[in-house]
């Protein structure tokens, strides 16, 4: 049986997730201020993240898990709608099942979890 090493033992995990989060935010049209909310980080930290001077770390569990969830949101939307305008439009449009705009909901921990669960359920139907 192959065991996977924890992220803390992979030195490239932090930079890889950090770059993935930034690229996902850019593709989906999330501003740095929105990403500060999503990741529960200060706007200064997110500014450094976008500049490549701040790296998400598995040692800081909240930001790590939120970063993973945000990339999961991106990957789900990419597989369902693609990377362009349809994904951004879905995020900014009202969603009756979620009770709001998914892009706004994703700015909180609970909302991000709900949006990802909704997309997971949708992908399961495909």
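The values are calculated or read from the model by the stated rules, or taken from the named source; none is laboratory data. Please read all numbers here as calculations on a predicted model, not as lab measurements. Cβ: placed from backbone, ideal geometry, glycine included. Neighbour counts: every protein chain shown.
Each row is one residue, and each column tells you yes or no for (1) within 26 Å of residue 10 (Cβ to Cβ); (2) under 12 Å from the mean Cα position of the chain (by Cα).
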position	(1), (2)
86	no, no
92	no, no
108	no, yes
112	yes, yes
117	no, no
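Quick grid of which residues meet (1) at pLDDT below 95; (2) surrounded by 14 or more Cβ atoms within 10 Å (Cβ to Cβ); (3) under 25 Å from residue 104 (Cβ atoms):
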position: 9; (1), (2), (3): yes, no, no
position: 23; (1), (2), (3): no, no, yes
position: 28; (1), (2), (3): no, yes, yes
position: 50; (1), (2), (3): no, yes, yes
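Of the residues in region 22-49, how many are more than 19 Å from residue 83 (Cα to Cα) and touching a helix residue (DSSP H, G or I) at 6+ places or on another chain (Cβ under 8 Å)?
12
Give region 70-104 a look and list any residue that's touching a strand residue (DSSP E or B) at 6+ places or on another chain (Cβ under 8 Å) and either under 16 Å from residue 37 (Cβ atoms) or touching a residue at least 60 places away in the same chain (Cβ under 8 Å) (or both), or say none.
101, 102
Counting just the residues of region 105-118 that are touching a helix residue (DSSP H, G or I) at 6+ places or on another chain (Cβ under 8 Å) and free of Cβ contacts under 8 Å to residues at least 60 places away in the same chain, which one comes out farthest from residue 62 (Cα to Cα)?
118
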